Amino acid sequence: MRTDFHHLLIHQEEGVITITMNRPEVLNAFNDTMLAELTEVVEVAASDDTIRCVVLMGAGRAFGAGQDLSGFPALSGDGETVKVSEHLTKYHRLIKSMRAMPKPVVGAIRGVAAGISCNIALACDLRIAADNARFIQAFARIGLVPDGGGAYFLPRLVGLGKAMELCLLADEISGPEAERLGLVTKCVPVEEFPGTVAAFAKRLANGPTRSYGLIKDLLYTSMELDLQASFDLEGQLQDEAFTTADHQEGVTAFLQKRPAKYIGR
Ligand code: LHQ
């Protein structure tokens, strides 16, 4: 994994890769370079067996402020014709790679997560928030529709009624409110945030990684399946899980009344 990125900081330790979006002067708003770099790291991490958990966060006081509006020609009025849908396919690639990643992806949200940055946080498998987090479906504030999968993820996480409210009103949701809504796993005081995120990621990195990857596949795919098709998939994936060393270890550890030591295979 290379680490010489323009707008990302990369830290790898004990099975956890922490990716920090690093444009703090614009609250980590996305430009093309940061988006391409993030996609590259996510795709490399997917096939690197030494990485067993991915953490995505922002440098400075924010998670991210969405698309960099100053650098987007369609909005800066310079006359250049830009097909926004074509630009969005670059985000779609990133988000599909996050979902397909065969290991947990944790969004660590401190400060604002607005626009497409908010929806990239929602695309993570799990989220930890600091109590100063501000989730904003900012699109309607500037006359747009939610992109980056917001219309897909948000109703699935909080229900259609709340999702509609968040998108139409585009009001801020605080960290504690996000926890109440089930939008994040946990919200903690900002002073405790780094330690909580590190402990959470370490726990996941020490888990049965193959099983986690299969669980992601089963749950995400089952959202689109009927019951029989989900039964069929669970059988297929359980056949796979059943042959893993971590399943053997889990059962052996249970019978020996000791904590399991998973190797991720
Ligand atoms: C920014 C940004 C930003 C540039 C703060 N860009 N500089 C859209 C269009 C096309 C294609 C693809 O998809 C999308 C998807 C989207 O993401 S649309 C939504 C884009 N994001 C927004 O509309 C949010 C814009 N930002 C804000 O509303 C506020 O900055 C928030 C509520 C995020 C934070 O407010 P504050 O905490 O009061 O911070 P601030 O406004 O003072 O921002 C700090 C600096 O960051 C400031 O620069 P300055 O030079 O004055 O210090 C902002 O201009 C800059 N910044 N967001 N998206």
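FYI, it's all coordinate maths here, none of it is from the lab. Here the structure is a predicted model, which is why all the values come from computation and not from measurement. Cβ atoms come from the backbone with ideal geometry, glycine included; neighbour counts cover every protein chain shown.
By DSSP, the beta bridges lying fully in the chain are antiparallel in about 30 percent of cases. Remark: region 144-153, residue by residue, has Karplus-estimated 3J(HN,Hα) of 10, 9, x, 10, x, x, x, 6, 8, 6 Hz, where x stands for each Gly or Pro and the curve is 6.51 cos²θ - 1.76 cosθ + 1.60 at θ = phi - 60°. Computed from Cα atoms, the angle from the helix 193-205 axis to the main principal axis of the chain rounds to 40 degrees. Let me check against my output: what whole-number percent is the relative contact order of region 17-109, with C-alpha pairs under 8 Å and at least 6 apart? So the answer I get is 40 percent.
Can you list the HN-Hα couplings for region 235-245, worked out from phi with the Karplus curve (6.51, -1.76, 1.60; θ = phi - 60°), rounded to whole Hz and with x for Gly and Pro? In residue order, the calculated couplings are x, 4, 6, 5, 4, 5, 4, 4, 8, 7, 4 Hz. Among the trypsin sites (Lys or Arg not before Pro) found in region 81-114, those both in a DSSP coil and sparsely packed, with 14 or fewer other Cβ atoms within 10 Å of their Cβ, are 83.
Taking amide H positions as modeled 1.01 Å from N, with prolines and chain starts lacking one, the residues under 5 Å from residue 16 and 5 or more places away or on another chain are 52. Is region 141-188 best put as rounded, prolate or oblate by its Cα gyration tensor, with a ≥ b ≥ c the root eigenvalues, rounded for a/c under 1.5, and otherwise prolate when a/b is larger than b/c, oblate when not? The shape class here is prolate. Listed by Cβ neighbour count within 10 Å, with the fewest neighbours leading, 261, 103 appear as 261, 103. Shape summary: the chain maps onto an equivalent ellipsoid whose semi-axes, from the alpha-carbon gyration tensor, are 32, 21, 19 Å in decreasing order.
Taking 24 Å as the limit for the C-alpha separation, the pairs 90/186; 83/103; 162/186 exceed it in the case of 90/186; 83/103.
Shown in residue order for region 103-109 are the 3J(HN,Hα) couplings computed by the Karplus curve 6.51 cos²θ - 1.76 cosθ + 1.60 at θ = phi - 60°: 7, x, 10, 10, x, 10, 10 Hz (x for Gly and Pro). Taking a ≥ b ≥ c as the square roots of the eigenvalues of the Cα gyration tensor, region 25-116 is oblate, since a/c reaches 1.5 or more and a/b is not larger than b/c.
Name the shape class, rounded, prolate or oblate, that the alpha-carbon gyration tensor gives for region 115-219, where a ≥ b ≥ c are the square roots of its eigenvalues, rounded holds for a/c under 1.5, and otherwise prolate holds if a/b is larger than b/c and oblate otherwise. Oblate, because a/c is 1.5 or more while a/b does not exceed b/c. Helix 209-222 axis versus longest C-alpha principal axis of the chain: approximately 60°, rounded to the nearest ten.
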